[in-house]
Amino acid sequence: MPQPRYVLLITTDQQRFDSLPSYGADFAITPNLDRLAAQGVVFDRCYVPAPVCAPTRASIMSGQFPSAHGVIDNVSWLQPGIPKWTDAARAAGYRTAAIGKMHFAPWDLMEGFEERITCEDKRHFYIPDDHAQFMKEHGIDRPHPKDVPGYFESCGAPDFPFAPELHPDAFIAERSAAWIEQNAAESFALWVSFVGPHDPYDPPAQYSQLYADTGIPAPIPAPDDPARAPSYRAQSAVQPGVENSVFRVDATAATPQQIAQWRRHYFGSITLIDEGIGRIMDSLNRAGILEQTLIIFTSDHGDALGDHGMVFKSFFYEPMVHVPLIVRDGHHRGRRAALTGTLDVVAYLHELFGQTPDSPVQGRSIGPLLQDKDAAINDYVFSEMRDRVMVFDGRYKYIHAQDGQHELYDLANDHYELHNIVDDQPLQPQIGELRAALIAHQMESTKLHGERRRTVAYAPRLQMEQEYRKERQH
Ligand SMILES: [Ca+2]
């Protein structure tokens with residue numbers, strides 16, 4: 001596979017798969033992403049390694065699942081020394097840069113990027129990132145979202161109260177477009193990471209108004225039989241509540257009207273980001289490097305938006321764990337139905353940069369899928385939370401929790417995952433196979449995690465054995 005001169009990874013934060021016309025959302029206004037989809041390859045079934053932010057971002061950097069890299073919540077981060085794709089990119093001669101939200105901890109780590117333009121989580125208003133400095137230059141102290149008019153009334157979906165060009169996603173797009181034009185002379189690997197459409201759902205008003213009379217669907221209802229719904233559904237890893245300093249509202253108590261407003265603002269945010277992607281595409285064109293640039297678009301996880309009676313993320317239902325993935329490499333087009341995941345994109349990056357990382361990447365490169373529409377790389381995809389795991393074989397999705405509760409959904413016949421059929425007798429052999437796949441997956445992660453953490457306690461003995469072996473060889 002020829003090495004592209006430029007690599008541009010574009011991610012959004014919390015964008016579910018069914019939020020674009022290329023994934024069935026005909027009402028969404030995203031002309032630039034539509035064009036990218038038409039000019040590239042659209043992956044129908046891309047799944048995230050964890051339906052929550054920092055664990056997935058640690059996976060994007062390391063190429064491993066949370067159970068291997070060890071970042072299992074939003075307040076931890078990778079240990080120093082874990083090899084990353086940015087190291088491989090630099091070794092291969094690419095200039096590396098990151099623009100937008102990374103969610104590293106501490107927030108200003110470089111993680112192999114030579115340059116960062118920072119714009120972190122909208123609710124982390126206290127971080128003195130580049131966006132905060134930019135706001136200051138315009139005489140504005142970036143406020144806590146709760147201080148934005150309409151925040152409480154809308155349960156977290158106000159209008160952006162300042163000039164549209166000051167919005168974080170407009171800032172990220174503008175800085176990215178400028179960076180590309182300034183740096184087009186040498187090969188680069190650039191990660192552009194938008195902060196939206198993550199809550200608070202706060203695009204400038206003209207964007208949400210585009211969705212006043214469109215066909216945004218109503219939420220998927222809660223399960224048909226509460227008796228078959230596991231109790232952990234109530235234990236979201238994200239605890240939005242009035243006591244939570246970043247929320248200050250209880251999102252789980254949102255009314256149907258508030259959820260409808262979330263949805264209009266969510267899609268408004270996506271349109272705002274799409275405009276930004278248009279600016280970035282224009283900058284590639286102006287710099288004359290569009291046809292030499294590999295563009296990958298995806299998101300770190302989805303958003304329930306009230307589906308299943310849930311908010312935000314951290315569960316394995318489709319709206320939270322299934323994301324868009326579009327790849328424009330200038331050579332391949334069309335749709336791919338094969339099962340794939342975020343880590344397969346990381347494996348692809350490593351393949352392109354031609355480096356063998358010291359730390360094995362758990363994904364399988366999407367390269368073969370780009371070249372052959374009928375190729376397959378995975379029998380299963382996996383996703384993880386601290387105390388729950390998911391395996392999906394393309395039809396059956398099995399979820400197992402540490403406390404023994406479990407769920408099974410037949411996506412072929414139960415598109416919205418409303419019927420937990422884990423107790424259905426004829427499906428027990430199928431469940432056995434899915435559990436075996438989960439065990440093998442967890443063993444692989446355990447091995448990788450253990451290898452990284454192991455300390456050799458008997459160095460003198462190992463030295464003696466090496467010397468003995470050498471003696472025997474002579
Ligand atoms: Ca996220």
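In sequence order, the stretch 340-346 has phi-based couplings of 8, x, 3, 5, 5, 5, 5 Hz under the Karplus curve 6.51 cos²θ - 1.76 cosθ + 1.60, θ = phi - 60°, and Gly or Pro positions carry x. A rounded overall shape is assigned to the stretch 6-465, the ratio a/c of its alpha-carbon gyration tensor axes (a ≥ b ≥ c) being less than 1.5.
With a cut-off of 18 Å, note down the residues of the stretch 416-436 whose backbone N falls inside the zone around a label point 7 Å from the Cα of LYS447 toward its beta carbon. Answer for the stretch 416-436: 436.
Which FRET efficiency value, to the nearest 0.05, do you get for ASP26 and TYR416 by plugging their Cβ-Cβ distance into 1/(1 + (r/R0)^6) with R0 = 22 Å? Write out the running numbers ahead of the final one.
Numbers: r = 18 Å, r/R0 = 0.84.
Given R0 = 22 Å and the Cβ-Cβ separation, E is 0.75.
Lysine pairs in the stretch 6-465 whose alpha-carbon atoms fall under 23 angstrom of each other, counting only those eight or more residues apart or on distinct chains, come to 12.
Peptides 223-232, 185-194, 43-52, 21-30, ordered by how many other C-beta atoms sit within 10 Å of their residues on average, highest first, read 43-52, 185-194, 21-30, 223-232.
Amide hydrogen proximity for GLN14: with H placed 1.01 Å from N in the peptide plane, the residues at 5 or more positions away or on another chain lying under 5 Å are ASP300, HIS301.
In deg cm²/dmol and to the nearest 500, what is the mean residue ellipticity at 222 nm of the chain if only DSSP H runs of at least 4 residues count, each as -39500 (n - 2.57), divided by the residue total? The partial results should precede the final answer.
On the way: 13 runs with 150 residues, N = 474.
Calculated at 222 nm, the ellipticity per residue is -9500 deg cm²/dmol.
Using the alpha-carbon centroid of each, what span in Å lies between the stretch 176-243 and the stretch 415-474? Comparing the Cα centres of the stretch 176-243 and the stretch 415-474, I get a distance of 34 Å. The phi-based Karplus calculation (6.51 cos²θ - 1.76 cosθ + 1.60; θ = phi - 60°) puts the 3J(HN,Hα) values of the stretch 458-474 at 10, 4, x, 5, 4, 4, 4, 5, 5, 5, 4, 4, 4, 4, 5, 6, 8 Hz, whole numbers, x for Gly and Pro.
The 3J(HN,Hα) values that the Karplus relation (6.51, -1.76, 1.60; θ = phi - 60°) gives for the stretch 261-266 are, in residue order, 5, 3, 5, 4, 6, 4 Hz. Gly and Pro appear as x.
When both the stretch 253-283 and the stretch 323-379 are represented by their alpha-carbon centers, they are found 28 Å apart.
Where a number appears in this text, it was derived from the coordinates with a stated rule and is not lab data. For clarity, every value in this text was computed on a predicted model and none was experimentally measured. Here Cβ is always computed from backbone atoms with ideal geometry, including for glycine, and neighbour counts include all displayed protein chains.
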